[in-house]
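Written below as structure tokens is the structure these notes are about.
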Amino acid sequence: MFCPKCGSMMFPKGEVWVCRKCGNTLPIKEEEKKGIVEKGKKKETIVVEKEEINLPIDKTVQCPKCHEFGVYWEALQTRAADEPETRFYTCTHCGHRWREY
Ligand SMILES: [Zn+2]
Ligand SMILES: [Zn+2]
């Protein structure tokens, strides 16, 4: 989106586009709003994928299958929010996956 007055880039701010150079504002159209929201969603997805790859490692947990120490873990909220979170472990050596009991 470019400013019709000075040709500078405009930035979405609430319900309007704002020109940072001359301060001109334009109302944001409905279809433009959707585009902004979709861009935001895509960003979130990328962040989630990154977190899955960079899972924290707990070197004090032993794998029940190969008996090596060192596992990736992720905490998942199960059912009701007042229940304690469940940890899922993935062995860094053999890839075995199990949940904490
Ligand atoms: Zn302008
Ligand atoms: Zn293992």
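The values are calculated or read from the model by the stated rules, or taken from the named source; none is laboratory data. Because the structure is a prediction, the values reported are computed rather than measured. Note that we place each Cβ from the backbone using ideal geometry, even for glycine, and neighbour counts take in every protein chain shown.
Quick look at the numbers
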read-out: Hey, Y101 modelled with pLDDT under 85 and hydroxyl-bearing (S, T, Y) or not; value: yes
read-out: Failed condition for I57, given (1) within 16 Å of ligand 2 (Cβ to nearest atom); (2) modelled with pLDDT of 90 or more; (3) over 22 Å from the mean Cα position of the chain (by Cα); value: (3)
read-out: Residues of the range 11-34 satisfying the condition of being of a type outside the set (A, V, I, L, M, F, W, C) and in a loop (DSSP other than H, G, I, E, B); value: G14, E15, R20, K21, G23, N24, K29
